[in-house]
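The values are calculated or read from the model by the stated rules, or taken from the named source; none is laboratory data. What you are looking at is a predicted structure, and each value in this text was computed from that prediction instead of being measured. Please note: Cβ atoms are built from the backbone with ideal geometry, for glycine as well, and neighbour counts cover all protein chains shown.
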Amino acid sequence: MHDSLNLSNLTEPREITYYRLALCISIIGWLICVVTISPILIIGIVALLAWLGNGLLVAQIKADAVKADADQLPELANTLARVCEKLGIREIPELYILQSGGMLNAFATRHSGRHFVVVYSEMLETYGPDSAEMEFLLGHELGHIKRSHLRKRFLLWPGLLFPLLGNAYSRACESSCDRHGAFASSDIEGAINAMMVLAGGRPTDVAMNPSAFALQYTHQRGFFVSWYELISGYPTLSQRVAALVAIREGHSLSRAGRNLLAYPFALFSLGGAASGGANMMITIAMIGMLSAIAIPSFVKARDNGQRAACLNTMEMINEAKESCASQFSYQLGNAISEADIEPFLGCDFATLKCRKGGDYTINPVGDAPECSVHGTLNEQYRSR
Ligand SMILES: [Zn+2]
Ligand SMILES: [Zn+2]
């Protein structure tokens, strides 16, 4: 199959599929949160903490990292502008270089409506400011911005808690962004080389062979590799290189199968290489703990409300009963039928329903009316 990149086919179809799936689950999740009220407070607090933490991160970037613009690192700023134009991004994000003690990394983030791209200094040193490698790297990060991955993560939070789905969605997003990077790069060899450096480090070109590395993806399909893939938020580097090599050769990557036994293992193994695993455990534990406190008090409040409503109804029945007894001069112990008191109730006796599901008994004159769930009117007064 021919697979030439253009602006309309950069997103992986799987990203859309997983997005829809996660969205459906998330809508249910959010509804449960809204209906049961208490978790929404916890989510609010967690979201606030995440927002504050992100604010500090962005502050560090603004204060400690070197901003690439016309005055500093102008070549790099030019590369960014070029890549933005190619990807159709009109609002150019701020780009910073951060000293990172030799780590190879880059990321995009967002705060108060503005986007930031951060490239670690080691990447700038390795790739150079104006290279196909740098175009690929920036294109990848801009892919996250263009596809609004950060905002979607918040929306999809409940759905992404599912171990397999969260990571599958995340991997599909990264694959989409690699395609954005490959499209943004003026030379596919540069894109492949950029990825090879991530895998094997800097002394690259001569010693490493991308086609051979791509075969590691096809050939290593055992149980443990499958398991490792399923609990990762990123496609493996050999898979990412294989996808880029496929683009170079004009076809799309034929995705290798997985050992099926890995799925149940991945389902029950939180953590490991999965970046979200630990967070997920903490979140579930927090929600569990707080629900254990909140849900009983919620249930108690609801029970009290139902009891009070039931008491009102029984008072109404009692009043109707008293009027009826005096009108017809009934004696203590005389039975009163539904038809007898209906004129005094002003409604059909059968329409009186206890909110906890009880049925009412009128009882003879002198005995209090009764609810099959809550008991007699007198007992209700006592337990109030
Ligand atoms: Zn990424
Ligand atoms: Zn009742």
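Looking across region 1-49, the residues that are closer than 29 Å to His111 by Cβ and among the polar types (S, T, N, Q) come down to Thr11, Ser26, Ser38.
Test Glu91 against the criterion of being assigned by TED's automatic domain parsing to the domain that holds Val66 and away from ligand 1 (no atom under 16 Å from the Cβ), and give yes or no.
Yes.
Scanning region 94-111 for residues that are within 17 Å of Ala81 (Cβ to Cβ) and away from ligand 1 (no atom under 16 Å from the Cβ) turns up Glu94, Tyr96, Ile97. If the condition is being hydroxyl-bearing (Ser, Thr, Tyr) and modelled with pLDDT under 90, then region 91-108 contributes only Ser100.
If you filter region 287-333 down to residues that are exposed (fewer than 15 other Cβ atoms within 10 Å of the Cβ) and hydroxyl-bearing (Ser, Thr, Tyr), you find that the one that is farthest from ligand 2 (Cβ to nearest atom) is Ser329. Of everything in region 354-379 that is assigned to a strand (DSSP E or B) and at pLDDT 90 or above, the residue that is nearest to ligand 2 (Cβ to nearest atom) is Cys371.
Looking at this structure, is Arg114 charged (D, E, K, R) and more than 12 Å from ligand 1 (Cβ to nearest atom)?
Yes, satisfied.
Of all residues in region 209-238, those being surrounded by fewer than 17 Cβ atoms within 10 Å (Cβ to Cβ) and of a type in the set (A, V, I, L, M) number 3.
Is it the case, given these coordinates, that Leu138 is assigned by TED's automatic domain parsing to the domain that holds Leu23 and touching a strand residue (DSSP E or B) at 6+ places or on another chain (Cβ under 9 Å)?
yes
Gln331 meets each of the listed conditions (1) at pLDDT below 90; (2) within 54 Å of the chain's Cα centre (by Cα) apart from (2).
For Leu377, state whether it is within 30 Å of Pro158 (Cα to Cα) and surrounded by 12 or more Cβ atoms within 10 Å (Cβ to Cβ). No: the conditions fail for Leu377.
Of the candidates Leu150, Leu198, Leu155, Leu160, the single residue that is assigned by TED's automatic domain parsing to the domain that holds Thr79, surrounded by fewer than 21 Cβ atoms within 10 Å (Cβ to Cβ) and more than 15 Å from ligand 1 (Cβ to nearest atom) is Leu155.
Condition first: more than 21 Å from Asp348 (Cβ to Cβ), outside any loop (DSSP other than H, G, I, E, B) and small (Gly, Ala, Ser). Now tell me which residues in region 305-330 satisfy that. Within region 305-330, Gly305, Ala308, Ser326 qualify.
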